[in-house]
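The values are calculated or read from the model by the stated rules, or taken from the named source; none is laboratory data. Quick caveat, the model's predicted, so the values are computed rather than measured. So basically every Cβ, Gly included, is an ideal-geometry build from the backbone, and we count neighbours across all protein chains shown. The protein model used for the area step is the full one, side chains on, heavy atoms only, and it has no ligands, DNA or RNA in it. Shrake-Rupley method; radii C 1.70, N 1.55, O 1.52, S 1.80 Å.
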Amino acid sequence: MDLYEHQARELFEEHGILVPRAEVTTSAKGAREIARRLGGRVVVKAQVKTGGRGKAGGVKLAADPAAAELTARQILGMDIKGHTVHSVMLAQPVDIETEFYVSYVLDRAAGTFLAIASAEGGMDIEEVAATRPDAVARIPVDPAEGVTGAKAAEIAEAAGLPAQTADVLVRLWGVLTREDAVLVEVNPLVRTAQGQILALDGKVTLDDNARFRRERWGASEAAHEGPLEAEAASKGLNYVKLDGEVGIIGNGAGLVMSTLDVVAGCGARPANFLDIGGGASAQTMADGLNVILSDPAVRSVFVNVFGGITACDAVADGIVKALDTVRLTKPLVVRLDGNNAARGRAILDERAHPLVQQATTMDGAAQHAADLAVSH
Ligand SMILES: Nc1ncnc2c1ncn2[C@@H]1O[C@H](COP(=O)(O)OP(=O)(O)O)[C@@H](O)[C@H]1O
Ligand SMILES: [Mg+2]
């Protein structure tokens, strides 16, 4: 999950990195007020979770509060690379002498962190890296040792940054590790004409696995996920929306992944990934069915369960109970196999719901669900 620039700025400030004074608003009138508080001249910055805002016209200098209002009016509602601008940050303008680039990223392939730094900041770092790779230093950081003063000095030296930036590099490592981030980027980090080092832009990507202890940023993220995903997340379901028409529920991520493949092989497209995990209760089954059935693109649902520790009769009980609370509007194809499969199938046979059909093999069930989706 990415943070907005103003949220990244807040974190930087909390970790003792110098940032320009700034405030956020969703209205042009608000922008005028803020500009007045900040001393008149301000930089108006679109708050969208994408880079290159400057080039797209989403970062503009305004000379006074009236100009700030006008500029904010232009920027609010603007589309930047498919992101609509709902808020702007107004920041005090900084007298820039030099712009640098610094970031820490998780290098999954190498199993370590990487410090990337360059004395050529401000612009598109990918472009600098492509045209002049020597201008970008890439230094591995051992996660157990972290960025000490000595390591920071090494990074600064390798990238040709002033020694003064070492302190920021150490603090930025603190943001990465103490805030559960997998990426922090400052572009530009600047040296001002007065000789101070300031972070003028920030990108922070938080580790989704740590979301449960980052509730502070939760609300803003929920607004940007799809409604089905938000609903599923609130029920604690492992759900990912896809583009197809066959809804899928399975137990175990591996089984669900192969179910997606088999359905795709049958000429239909999976509408979602949903792993109800082991020990799935009737409530989980009902919640899962509810989320899937409220996707208008879904035309049939395939429940694929291989009973292991969770026996098939328990899953069948869950489906039967779910049928009491969920209004089933689309055909449901159920394949139960493994532990207590026969008892599970008998339970569903007894319930005899007109929209529930059983299949004995995974391939047969997938084909049936795919046919129903295509013909329904
Ligand atoms: N507070 C500020 N004072 C002066 N210039 C700024 C300020 N904030 C941004 N800029 C300038 O605008 C450029 C683009 O802004 P930035 O925040 O990096 O957005 P993006 O990377 O999305 O284009 C920066 O490289 C910097 O030159
Ligand atoms: Mg930038």
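Restricting the range 97-130 to residues that are within 27 Å of GLY160 (Cβ to Cβ) and open to solvent by 70 Å² or more (accessible area, probe 1.4 Å), the residue that is farthest from ligand 1 (Cβ to nearest atom) is ALA109.
Considering the range 15-35, the residues that are over 25 Å from the mean Cα position of the chain (by Cα) and of a type in the set (D, E, K, R) include one that is surrounded by the most Cβ atoms within 10 Å (Cβ to Cβ), namely ARG32. Does PHE113 fit the bill of being in the same structural domain as ALA144 (by TED's automatic domain parsing) and away from ligand 2 (no atom under 14 Å from the Cβ)? When the stated conditions are applied, PHE113 passes them. For the range 182-216, a residue qualifies if it is of a type outside the set (A, V, I, L, M, F, W, C) and buried (at least 17 other Cβ atoms within 10 Å of the Cβ), and the qualifying residues are GLU185, ASN187, PRO188, ARG191, ASP201, GLY202, LYS203, THR205, ARG214.
Per-residue answers, yes or no, for (1) in contact (Cβ under 8 Å) with a residue 12 or more places away in the chain; (2) in contact with a helix residue (DSSP H, G or I) (Cβ under 7 Å, 6 or more places away or on another chain); (3) farther than 30 Å from GLY364 by Cβ:
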| residue | (1), (2), (3) |
| --- | --- |
| PRO188 | yes, no, yes |
| THR192 | yes, no, yes |
| ALA210 | yes, no, yes |
| TRP217 | yes, yes, yes |
| LEU237 | yes, yes, no |
| GLY252 | yes, no, no |
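Number of residues in the range 8-51 that are modelled with pLDDT under 95 and of a type in the set (S, T, N, Q): the value is 1. Of the conditions (1) surrounded by fewer than 18 Cβ atoms within 10 Å (Cβ to Cβ); (2) polar (S, T, N, Q); (3) closer than 28 Å to VAL168 by Cβ, GLN47 fails just one. Which one is it? All conditions are met except number (1).
Answer yes or no: is there a residue in the range 136-149 that is surrounded by 15 or more Cβ atoms within 10 Å (Cβ to Cβ) and within 16 Å of ligand 2 (Cβ to nearest atom). Among the residues of the range 136-149, at least one is surrounded by 15 or more Cβ atoms within 10 Å (Cβ to Cβ) and within 16 Å of ligand 2 (Cβ to nearest atom), which makes the answer yes. Residues that are open to solvent by less than 30 Å² (accessible area, probe 1.4 Å) and within 16 Å of VAL94 (Cβ to Cβ) within the range 50-67 comprise just one, ALA62.
Inspection of the range 82-93 identifies at least one residue that is surrounded by 13 or more Cβ atoms within 10 Å (Cβ to Cβ), free of Cβ contacts under 8 Å to residues at least 60 places away in the same chain and under 25 Å from HIS6 (Cα atoms).
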